[in-house]
Each structure stands twice: as structure tokens, then as C-alpha cells.
1. Straight-line reach only, C-alpha to C-alpha below 28 angstrom: list the lysines that K271 could link to, leaving out same-chain residues fewer than 8 apart.
2. Along the Cα→Cβ direction, 7 angstrom out, place labels at A52 and E79. What is the inter-label distance in nm?
3. According to a simple spin-label model (label point 7 Å from Cα along Cα-to-Cβ), what is the distance in nm between K95 and E155?
4. Over the chain, what relative contact order in percent results from Cα pairs under 8 Å that are six or more residues apart?
5. Can you compute the charge dipole magnitude of region 159-285 about its Cα centre, using +1 on each Lys and Arg Cβ and -1 on each Asp and Glu Cβ, nothing else charged? Give it in debye, rounded to the nearest 20.
6. Report, in whole Å, the centroid distance computed from the Cα atoms of region 109-125 and region 42-82.
7. When the accessible area of the chain is split by element with a 1.4 Å probe, what percent falls to carbon and sulfur?
8. Quick one: which of 118-125, 264-271 comes out on top by average Cβ neighbours within 10 Å, and what's the full order, highest first?
Amino acid sequence: MEKLKAYIEALIEDSITTIKSINGGDISSAYRIDTSKNSYFLKQNTSPIALAMFQTEAYGLNTIAKTNTIKTPSVLACESFEDSAFLLMEYIEWKSPSSEDFKNLGRQLAQLHKHTSESFGLEQNNFIGRLSQSNTKHTSWVNFYTNERLLPQLELAKQKGLLQSSECPNLELIKPKLKPIFDDIKPSLLHGDLWSGNYLISKNGQPYLIDPAVYYGHHEIDIAMTKIFGGFGDPFYTSYSAAISPDKHTEGRIEIYQLYYLLAHLNMFGKSYYESVSSILTKYF
């Protein structure tokens, strides 16, 4: 860490007074760095894919920031260093959210989702957790969600022995089931991994999004993820729905969108997610 400390001091042109290990996720080591002038957030990882993960994270943060809808921490550096990679950002002093903060988060997320594209996907692939996430572009949402989201995770679960082939629907079964409720969907810019650990409320009440997995998809994807593990108050959903209304198929789509995240968790963390995955597969396919 001493060599990296010296390297970062040269980058920021300031002397570091303290480096403190903090909670920053399941995948990378995280640190708060303080100088006499500023505070910074550092993520470090020795995985062979660490630099690629950090580069796509930085790209996502900058992409969201450019919409001027909801803030993200400023990215200062994303580089390899000896046998690791690191991502250096501004540190956001945060607080527990109030009802008003949740309203602002919901409203600003809806504004982000109003940024659209001609197709679903993205110019580059990225990651969901430590798993690769394909963003190959499609003009059809049912084709994108089937081919780039569900099928790769189902195949990986079979390879890992976490699901049997008989439990996994194929392309010919998935598309006809989804098409009736996937019609007339427009691409929205998504955070892509919006659980409660991936937003912050700053001390002055400003919402921030962190650790994104951006692409253009159905706006309900982000809402589906918020409902898997909790952590979003009712004012968030009320505020969001006032800007983007649900429809008669929203409830069913939410479960199908949660299936992707639950499959990813099954593939990353194992059998504890099997029952949740199996329940949705049985219900819809």
C-alpha cells in the first residue's frame, strides 16, 4: 500500500494524511483517503479482470453524470498498478435518507430513465458483479432480454450444476412467453444494478448513484432490482410512479426482471438463491 499511496499522492498532487479501510462491496477492497484538503474513495482489486471492471464502472458513472439528472461521484483515475488495478473517486459524505431524500431519488431516477436510445444495449459490454454482462445491441426488447440477459445466466447455472437442463427454458419457450408483456417498450438509460448499496444521500440531501452496470433497457429493470433486497422507502416509489406510471403488466415484468439478478446471484453466491430462481421459473415458464 505504501507504493500505491505514493503513486496516488503524485496523481492528486497532495500529501495523504490517512488511509482507512471501509465497507465498499463484496468484490473489491475499499478505502477512504484523506488529505488536508479533500477526501477520496479508492477501490482496489487484484483480479485479472479488475481493470476492465473498474473501466466499465468509470464509464457508467460518467455516462450517468452527463445526463445531468442525478449525480455520481467524480472519477479521478482508473489504472493498473503493479499486480492490481484501482479506481479513485471523490468521497461523498453521506447520511441516512429522509422521506424527502427518497422522493428526490425517485424523481431523479425517473429523469435518468427518460434518456433514451434507438436500440437496447450499449456500445460496450460490462459486468454484473464479477460476471460478464453482454450488451450487444438489439432493436427488440424481448430479443435483448432473452439473448443477452436470461439465456447466458441460465447456461452458466447449468454449467455450474446449479440448475438442471429440465429447469431451464430455451429460446423457443422464453420469447413467446415474454412477447405479449414486452411490447411497446422503449429503451431507457439504466443504472443496471440498483440495490440499496448502490445509492448514497449526501449530507446536503443530494442523491448519488454508485457502482453502475449501465445499458439501455426497460426502465422497470432498475425498479425490479430495488425490490429484491429492500432499502428503498415508499416515498421513492410514489415519487417515481408520479413521473413514470406503471401499467397492467408491470407486476409480472418485475418478477421476470428480478429473475436475471437472482440468476446472477445464484451463479456468484450459490444455492441459497436456488429457491427464488426456481419459483419464478416455475411460475412463468
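The values are calculated or read from the model by the stated rules, or taken from the named source; none is laboratory data. Note that the coordinates shown come from a computational prediction; the quantities given were computed from them, not determined experimentally. Glycine also receives a Cβ, built like all others from the backbone with ideal geometry; neighbour counts cover every protein chain displayed. Ligands, DNA and RNA are excluded from the accessible area calculation, which covers all protein heavy atoms including side chains. Shrake-Rupley method; radii C 1.70, N 1.55, O 1.52, S 1.80 Å.
1. In chain and number order, the partners are K158, K160, K175, K177, K227, K283.
2. Distance between label points: 2.3 nm.
3. Modelled inter-label distance: 4.9 nm.
4. The normalised contact order for the chain reaches 18 percent.
5. So the magnitude is around 140 debye.
6. Going from one Cα centre to the other spans 18 Å.
7. On the chain, the fraction of accessible area on carbon and sulfur atoms equals 47 percent.
8. By packing density, highest mean first, the sequence is 264-271, 118-125.
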